[in-house]
1. I'd like the per residue volume of the convex hull spanned by the Cα atoms of region 324-408, given in cubic angstrom.
2. Give, rounded to the nearest 20 debye, the magnitude of the charge dipole that region 336-408 has about its Cα centre when Lys and Arg contribute +1 at Cβ and Asp and Glu contribute -1 at Cβ.
3. Which far-off residues, 5 or more places away or on another chain, put their amide H under 5 Å from the one on Leu108, with H placed in the peptide plane?
4. I want to check a number: in region 36-150, how many lysine pairs have alpha carbons closer than 14 Å, given a sequence separation of 8 or more or different chains?
5. Per the Cauchy relation, a quarter of the hull surface: what is the mean projected area of the convex hull of the alpha carbons in region 126-252, in nm²?
6. Round to the nearest 10 and give me the degree value, 0 to 90, for the angle of helix 9-23's Cα axis relative to the longest principal axis of the chain.
7. Can you give me the orientation-averaged projected area of the convex hull built on the Cα atoms of region 238-333, in nm²?
8. Between the helical axis of 233-243 and the dominant principal axis of the chain, each derived from Cα atoms, what acute angle in degrees is found, rounded to the nearest 10?
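The values are calculated or read from the model by the stated rules, or taken from the named source; none is laboratory data. This one's a predicted model, so the numbers in the text were calculated from it and none came from an experiment. For neighbour counting, all protein chains shown are included, and Cβ atoms are generated from backbone atoms with ideal geometry for every residue, glycine included. All accessible areas refer to the heavy atoms of the entire protein, side chains included, with ligands and DNA or RNA removed. Shrake-Rupley method; radii C 1.70, N 1.55, O 1.52, S 1.80 Å.
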Amino acid sequence: MQRRTGFRFRRVLLAASLATGLAACGAPGGDGGQAANPQSVPDKPGKPVELNILDIAGNLQLTKQMIENFKAAHPEVLSKVTYSTAPAPSMAGKLKAEQDGGVAQTHLVLSGTDGLSAGIANGTLAKILPDFSARFPNLMQNYLEPAAKMQELANGYGVEVVYYPSGPLLEYNPAAVPAAPASPQELLDWAKAHPDKFQYAQPSNSGPGRTFLMGLPYLLGDKDPKDPDKGWDKTWAYLQELGKYVKYYPSGTTETMKNLASGSVDMIMSTTGWDINPRKLGTVPNTVKTAIMQPMHWVTDAQYALIPKGLSPDQESAILQLIAWMLKPDQQAIAYDDGYFYPGPAVKDVTLQMAPQKSQDTIKQFGRPEYEQWIAQYPKETSLPAEQQVKAFDKWNQLVGGSKVGKK
């Protein structure tokens, strides 16, 4: 799992008003960093292209085999694929610098909602839908219903390739926590009684962190769970009180997992994937347990394929074909992986039995039967829209994180 480092989303918002104009200042003779005209993008590239793919979400763990399968099946489309990884906060600045210079070195980005939000805010992403909707027949109908709602959050600037219900879940050491908290109040009471033993990572850089942040308004009955600025009075008050008993907020989820394993903390925030995969990897012992708080609402999460501005028509053509391939049911089954984004597939009718045997074995050994029941039983809410997510992260930084961000 990729570890992420912290940053301030406010800087992205300040830059957003300048981004569109700056992106137009490309090199002479270039397209100024703008998206290719949809009418100029052929069904197939004139010759095989090379693609540089940037993963800022740990997504390649789920999708690299899909991409390699496409490359093997379509040598007339792809001649070479180069992969790189980077922290999510670095993406928007990297793309902007490339586009300001008129040279697009990054051709496809695999991102969570954090990078998607930042890319939309600073104007570095090409619009995919509805511009190229004909390349993705019945896209919305093919998605699982909650996944379709997550696709809507992309505002046309990304295509969802994997999905999971996420959390929020509590993950804990049962030797130190005999009975898990069943409500936010019980969690607060436990944290008061056990200072520095509960932890979650910075929400802007952590799936479990932001799932906890976006799930609390439902758990606390806040006025408007979709409005972090004016509708989360209970949530911000709760997090400030809880923060009195949190030693520090790590810059990524992996650190919280290691802290749980070492015993420096006894309980952390988690999700289905962050529970299953680290146990498979041995990062945390298989003896840890998970629990939900009531009234439980899943806050769904997804990862997307994003196309930066400034690509050639042939490059865009190849990428659109690749994304469509990744959404085929037989390729989607690969997303079960080792439980990293459990379940993983974004489209309908993709069962575990369709997944590679290795994935089936992992889920059999490290999955939890109660997850299927909980997923079916409790309502699923989408993550915040991009603009609101940026506001939520920034407000958390101001009101909650403070001096405890990333400091042990």
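1. 178
2. With Lys and Arg at +1 and Asp and Glu at -1, about 440 debye.
3. Amide H to amide H, under 5 Å and 5 or more residues apart or across chains, Leu108 pairs with Asn52, Leu54.
4. Lysine pairs, 8 or more places apart or on different chains, close enough: 5.
5. Convex hull of Cα atoms, orientation-averaged projection: 9.9 nm².
6. Between the helix axis and the principal axis of the chain, the angle is about 10 degrees.
7. 10.2
8. Its long axis makes an angle of about 70 degrees.
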